[in-house]
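Right, one structure below, let's go through it.
The values are calculated or read from the model by the stated rules, or taken from the named source; none is laboratory data. Being a predicted model, the structure only gives us computed values, none of them experimental. Note: ideal-geometry Cβ built from the backbone for every residue, glycine included; neighbour counts use all protein chains shown.
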């Protein structure tokens, strides 16, 4: 989830805030191959109710803290079918939710009041749109499908996450970042347009294409999908992707080209050989280095599992040619580890880019978990590092971990208001995860909540924006931020996620979803009338 893999390749966001509208359930495992799709007859929409034997295959949850049980699933194969499905849900007054990859952290789709889940995973084609001179990526596609199609078809890619089963529907809408983002920015920095099914005030669904063209009357809808999160404005049918300021008509020039290989270093320390002082020194020096060099080509991640795991790691990569990358990584490692007092083992790796990316799935589906996140403008304080050490040494928790990932680079070159993703001044992205065995074990959930609250004890239990904190990432949704028991900062959840961009998102919401058809626990709310 934004951390580096064992081979030193930065892993991008592993979860989404929603698919085309919302996510939260695992998508059907069977996906047609490109050749099979070309030969398959047009089907759908398909309605699967509770009495249908197929229901049990669809009614699964990536996060088993939540148990879905909608009245039915509607599977769709075309934009017109999505329009018809949304029209029917609005006409009958049924609460609707939409999923693509289904990796949502919270119950945006599995909420008990959801009656109909529109599964758009069959909408997974990747092609080149000659009218818009942009790549068309349907929102039911997974990241793995997109990477393979773009790379094998045109030799290009997007700087997205590297958990290949994540659906692009929510991944892109929330911003999207991964191993190539320090060099190429967020995925939404390459978003030219979006096609969305929206519902007007009369309750009628329709398809709208919105682009970043300054003269596009629907431009505000495009902007809202550059970090405004899924489940807010409508059902995304497809994204149109083309890097800005590129004039070529050659598709192979319109998106970033990935490196031929992924090269990195993995440094490993044994927990039993690390004192709290040595731990604090390593984490502090790692953070200070990135503060001094925010535009460096070096990317890194501190992968800090619970002491139960036996070891923890620092993973390093560099966006440079081989000789320079070797030098940059050597210099970084030398400075960051100089004062730790314990020598790590070092593993060097290099693998072809695409296989490395497609093989980096790490998080178990169908397991109960609670995840929290933050963006940092500066390193953790020594007090925070001590808190993290304390909790990672507490009890026996096989599924507890913290990932501190360098951000910065090209991500920081975009103005906070240019896209809906506002955290352009962040230097670190942090994930706090807890996987556990029994969904009924609320004690584990409380442990994670206390952990996070204590880390941010100086700012009301959350990373309230200030000199040190930037806020949170909507693709890592955390409903606790809207709960005054856990957020005592007086800073609303909407500011934590969207900062100064929230009022503009509210205006977009009022224009494009005036009836509030698309909503969930952390969805954008229209501005209250004065």
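Summary of values
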| item | result |
| --- | --- |
| Single residue of 162, 181 found to be modelled with pLDDT under 95 and buried (at least 24 other Cβ atoms within 10 Å of the Cβ) | 162 |
| Residues of region 226-255 satisfying the condition of being surrounded by fewer than 16 Cβ atoms within 10 Å (Cβ to Cβ) and either in contact with a strand residue (DSSP E or B) (Cβ under 6 Å, 6 or more places away or on another chain) or modelled with pLDDT of 95 or more (or both) | 244, 250, 252, 253 |
| Enumeration of residues in region 272-313 that are touching a helix residue (DSSP H, G or I) at 6+ places or on another chain (Cβ under 7 Å), in a helix (DSSP H, G or I), surrounded by 16 or more Cβ atoms within 10 Å (Cβ to Cβ) and in contact (Cβ under 8 Å) with a residue 60 or more places away in the chain | 279, 280, 283, 284, 286, 307 |
| When residues of region 314-345 are limited to those that are surrounded by fewer than 15 Cβ atoms within 10 Å (Cβ to Cβ) and touching a helix residue (DSSP H, G or I) at 6+ places or on another chain (Cβ under 6 Å), the one farthest from residue 259 (Cα to Cα) | 341 |
| Criterion: within 25 Å of residue 524 (Cα to Cα), assigned to a loop (DSSP other than H, G, I, E, B), modelled with pLDDT under 85 and in contact with a helix residue (DSSP H, G or I) (Cβ under 7 Å, 6 or more places away or on another chain) - qualifying residue of 2, 18 | 18 |
